[in-house]
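What follows is one structure encoded as structure tokens, with my remarks underneath.
The values are calculated or read from the model by the stated rules, or taken from the named source; none is laboratory data. Since the structure is predicted, the reported quantities are computational estimates derived from the model, not experimental observations. Neighbour counts run over all protein chains shown; Cβ positions are idealised from the backbone, glycine included.
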Amino acid sequence: MNSQVRAVLFVNGPSFDLVPSIPDPADFLVAVDGGLRHLLRIGLLPYLLIGDMDSVAPADLAICEEKHIEIMRFPPQKDQTDLELALDEVLRRGYRNILIAYGMGGRLDHSLINMALLSRPDLANTNVYFDNGRSMVRLMTGPFKRDFHVDEGDLVSLMPWSGDVHGITTTNLLYPLNNESLYSHRGQGLSNVASSADFSIEVEKGQLLVIRVRKAFVDSED
């Protein structure tokens, strides 16, 4: 499997009537249980529907059955969430570029558990990120240096994950960091702003959530 081909997992979170990004024809589209509704809303069908089907509308399920969509059904009593099962499956199929659409912004416990999945050891060498149309979230593990392409004026928050983060240097953010640390008990990395369409982050040690809020929604996220 070409690692550049993207799997897009549509989760059953709130959509805000937004589309994270226009799916590419080459994308492998996966409906994660009730996330099927998001695909149908934008006139698309998944290649795979996976989950325990407890939040899929019967009429939507019937569409997939009529179109002979691949369906992987699991019992409701299980130790993994539907999103975990979907991640397992796309990784098994060789995908390493994975967008999780609509996986945050609903129930707090669901959102936090979904964010925690980014720290799975088997995702260490993958490009996995969340996008709900308003915000994008990535987990970066040091040491790393990465360039990001955004829109000038987008809000960028840097949040330590599972401990403190050290040796952080940024470029093209309104409040720059120069070989500094962010601590998990403080909010110093909150609400920075992209001063250019491109910015970079370098980290020596630690795990850092990089959260981008598109500038059109910055006021509504306060």
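Meeting the requirement of 2 or more residues that are buried (at least 20 other Cβ atoms within 10 Å of the Cβ), at pLDDT 95 or above and within 17 Å of the chain's Cα centre (by Cα), the strands (runs of 3 or more DSSP E) wholly within segment 1-75 are 6-10, 28-32.
Among residues of segment 73-88 that are in the same structural domain as ARG120 (by TED's automatic domain parsing), those with a Cβ under 6 angstrom from a residue that is assigned to a loop (DSSP other than H, G, I, E, B) and not hydroxyl-bearing (Ser, Thr, Tyr), sequence gap 6+ or separate chain, pair up as ARG73/MET53; PHE74/ASP52; PRO76/ASP52; PRO76/ASP54; LEU83/VAL11. Within segment 76-118, if we keep just the residues that are polar (S, T, N, Q) and assigned to a helix (DSSP H, G or I), the residue that is farthest from ALA26 (Cα to Cα) turns out to be SER111. When segment 205-222 is examined, which residues are found to be closer than 16 Å to ASN172 by Cα and either surrounded by fewer than 18 Cβ atoms within 10 Å (Cβ to Cβ) or without any contact (Cβ under 8 Å) to a residue 40 or more places away in the chain (or both)? LYS215, the sole residue that qualifies. Return yes or no: is GLU202 touching a residue at least 24 places away in the same chain (Cβ under 8 Å) and either in contact with a Ser or Thr (Cβ under 9 Å, 6 or more places away or on another chain) or at positive phi (or both)? Against the criterion (touching a residue at least 24 places away in the same chain (Cβ under 8 Å) and either in contact with a Ser or Thr (Cβ under 9 Å, 6 or more places away or on another chain) or at positive phi (or both)), GLU202 qualifies. Suppose we keep only residues that are over 23 Å from the mean Cα position of the chain (by Cα) and buried (at least 16 other Cβ atoms within 10 Å of the Cβ) within segment 173-194. Which one would you say is farthest from LEU155 (Cα to Cα)? Looking at the filtered set, the residue picked out is SER181. Among the residues making up segment 81-93, those that are under 18 Å from the mean Cα position of the chain (by Cα) and of a type outside the set (Ser, Thr, Tyr) are ASP82, LEU83, GLU84, LEU85, ALA86, LEU87, ASP88, GLU89, VAL90, LEU91. For segment 19-57, a tally of residues being more than 23 Å from THR81 (Cβ to Cβ) and either in contact (Cβ under 8 Å) with a residue 60 or more places away in the chain or not assigned by TED's automatic domain parsing to the domain that holds LEU99 (or both) returns 2.
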